[in-house]
Amino acid sequence: VQLQASGGGLVQAGGSLRLSCVASENIPSYNIMGWYRQAPGKLRELVAIITSDETTTYANSVKGRFTISRNYAKNTLYLQMGDLKPEDTAVYYCSARKRNTDYWGQGTQVTVSS
């Protein structure tokens with residue numbers, strides 16, 4: 001399983017970004033897919049996950065601002081981020097769980113300036 005994340009960058013507070021994560025296998029192969037982030041000096045934390053039945057879960061800090069979705073035809077996971085805040089600055093990682101094994105992408109940097 002390979003995951004390739006992209007879409008990070010530098011954005012001003014209040015702006016938007018969309019992260020993409022292309023998976024090497026068809027989306028139904030994965031039980032759960034999600035986005036996590038890690039800020040400097042902090043532990044990696046969950047941002048949003050989506051399960052095989054399309055149930056979504058968000059961290060309280062991003063509810064109402066971020067949306068996780070998938071495109072089955074493109075084997076791609078997305079994270080639409082809006083109303084970005086400086087505290088959203090982090091390296092964002094996509095993840096996929098298959099048969100109780102978690103796989104990780106390489107991370108994409110998101111920097112939000114105030």
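The values are calculated or read from the model by the stated rules, or taken from the named source; none is laboratory data. What you see is a predicted model, and the numbers here were worked out from it, not measured in a lab. Because the Cβ atoms are built from the backbone with ideal geometry, glycine has one as well, and the counts that use them run over all protein chains shown. All accessible areas refer to the heavy atoms of the entire protein, side chains included, with ligands and DNA or RNA removed. Shrake-Rupley method; radii C 1.70, N 1.55, O 1.52, S 1.80 Å.
Once backbone amide H atoms are built at 1.01 Å from N, Gly107 has Ala5, Cys94 as its partners under 5 Å, excluding neighbours fewer than 5 places away on the same chain. Extension gain for the segment Asp83 to Ser6, taken as residue separation times 0.36 nm less the Cα-Cα distance, is 25.8 nm to one decimal. With all protein chains in place and ligands, DNA and RNA left out, the 1.4 Å accessible area ranks Leu84, Leu17 as Leu17, Leu84, largest first. Here region 1-87 yields Rg over Rh of 0.96, to two decimals, using C-alpha coordinates and the Kirkwood radius.
Here's the picture: a label point sits 7 Å out from the Cα of Asn31 along the beta-carbon direction, and within region 49-71 the residues with their amide nitrogen under 19 Å of it are 49-58.
Can you give the longest stretch of the chain with no exposed loop site, where a site means trypsin sites (Lys or Arg not before Pro) in a DSSP loop (not H, G, I, E or B) with at most 12 other C-beta atoms within 10 Å? It runs 1-41. Estimated at the nearest 10 Å², the accessible area of Thr67 is 70 Å² with a 1.4 Å probe. Place a point 7 Å from Cα of Ser52 in the direction of its Cβ. Which residues in region 14-31 have their backbone N less than 14 Å from it? Flagged as within label range: 26-31.
Annotation for region 11-110: GluC sites (Glu not before Pro) lying in DSSP loop with at most 14 further Cβ atoms inside 10 Å of their Cβ are Glu25, Glu54. Cross-link partners for Lys85 among the aspartates and glutamates, with Cα-Cα distance under 18 Å and sequence neighbours closer than 8 places in the same chain left out: Glu45.
In a reduced charge model with +1 at each Lys and Arg Cβ and -1 at each Asp and Glu Cβ, the chain shows a dipole moment near 80 debye about its Cα centre. For region 3-77, the set of chymotrypsin sites (Phe, Trp or Tyr not before Pro) satisfying both a DSSP loop assignment and a count of at most 11 other C-beta atoms within 10 Å is given as Tyr72.
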